[in-house]
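These notes concern the structure reproduced below.
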Amino acid sequence: MTEWTDVRPQRTPGMSAKDEILARLRTALDAPRRDEITEAADVPRSYQRADDKQELRTAPEKVRGVLVQRLEDYTAVVHRTTPSEAPAAVAAALGAARTVVVPSGLPDAWTTAVQAELIVDDGSADPHQLDAIDAVLTGCHTAIALTGTIVLRGDERGGRRAISLVPDHHVIVVDADQVVLGVPKAIQRMGEDPRAAWTMISGPSATSDIELERVEGVHGPRRLDVVLIEPAPDPTPESEPEIQPVTQPATDQENTR
């Protein structure tokens, strides 16, 4: 371990703040390293990683439960459903919306029960036109349970960023296999397409910048609904009829007694 002391130059009469800052920078650059790490392989890797035991061994249903709890903490509304009931859940999440903008590659099966007018985004609508639309419906790329974060990729399911920011109501459909426990696993999934445009959403848009009063809808949608599609539960096996004991007929010897 290299001997190192944090000796800073003392400000002398007539020395300006700029000279003092530059002198400190020169001192820091000339100082030897605090440790013996010289290569990337020597950097400690004790932080949480995508292959962390907690990430790999936690039951998927528990991970989804944590996601739901975090989303609800952010005042988002979560609709837990199954693949067969997903269209009805999407329609319920959209509520009374009359117009809904959707990305070009949104699965048709999700919108079979929607009564609102669906507007497929072709990239031509400007913010003023998008502001006149009641809601937006998108898929997602990844959902992070521990932080309650939904990750959208700028593709045919997530859409361009403008459609997820301008309309006042955002409905996101999340498949069970898109839910991960922690941020490292999410970053690993996002690394499959590092050049993509990513949007990370943790609850409805809100700020408390002015007098610590919470105001929603300042930087994005005021309302956020998440439709979580989970595997259908296994059917309960029918109970077998109870077998009644067979009564043996009395023998001749017993009848003569």
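Odds and ends about this structure:
Matching residues to (1) surrounded by 16 or more Cβ atoms within 10 Å (Cβ to Cβ); (2) of a type in the set (D, E, K, R); (3) touching a Lys or Arg at 6+ places or on another chain (Cβ under 9 Å); (4) within 24 Å of residue 121 (Cβ to Cβ):
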position: 155; (1), (2), (3), (4): yes, yes, no, yes
position: 163; (1), (2), (3), (4): yes, no, no, yes
position: 166; (1), (2), (3), (4): yes, no, no, yes
position: 169; (1), (2), (3), (4): yes, no, yes, yes
position: 180; (1), (2), (3), (4): yes, no, yes, no
position: 196; (1), (2), (3), (4): no, no, yes, yes
position: 205; (1), (2), (3), (4): yes, no, yes, yes
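- Test set (1) closer than 22 Å to residue 201 by Cβ; (2) in a helix (DSSP H, G or I) - residue 97 fails condition number: (2)
- Residue within the range 80-94 that is in contact with a Ser or Thr (Cβ under 7 Å, 6 or more places away or on another chain) and farther than 23 Å from residue 233 by Cβ present: no
- Hey, residue 191 farther than 22 Å from residue 75 by Cβ and surrounded by 17 or more Cβ atoms within 10 Å (Cβ to Cβ) or not: no
- Being closer than 30 Å to residue 109 by Cα, at pLDDT below 85 and surrounded by fewer than 19 Cβ atoms within 10 Å (Cβ to Cβ) is a property that does not hold for residue 241.
- Contacts under 9 angstrom Cβ, first residue in the range 74-89 being among the acidic types (Asp, Glu), partner part of a loop (DSSP other than H, G, I, E, B), 6 or more apart: 85/232
- Search result, residues across the range 56-73 that are among the aliphatic types (A, V, I, L, M), part of a helix (DSSP H, G or I) and free of Cβ contacts under 8 Å to residues at least 24 places away in the same chain: 56
- Test: residue in the range 158-172 that is in contact with a Cys (Cβ under 7 Å, 6 or more places away or on another chain) and at negative phi: yes
- Of residues in the range 96-124 being free of Cβ contacts under 8 Å to residues at least 24 places away in the same chain and under 24 Å from residue 179 (Cβ atoms), the one surrounded by the most Cβ atoms within 10 Å (Cβ to Cβ): 109
The values are calculated or read from the model by the stated rules, or taken from the named source; none is laboratory data. None of these values were measured; they are calculated from a predicted model. Positions of Cβ are backbone-derived with ideal geometry, glycine not excepted, and every protein chain shown enters the neighbour counts.
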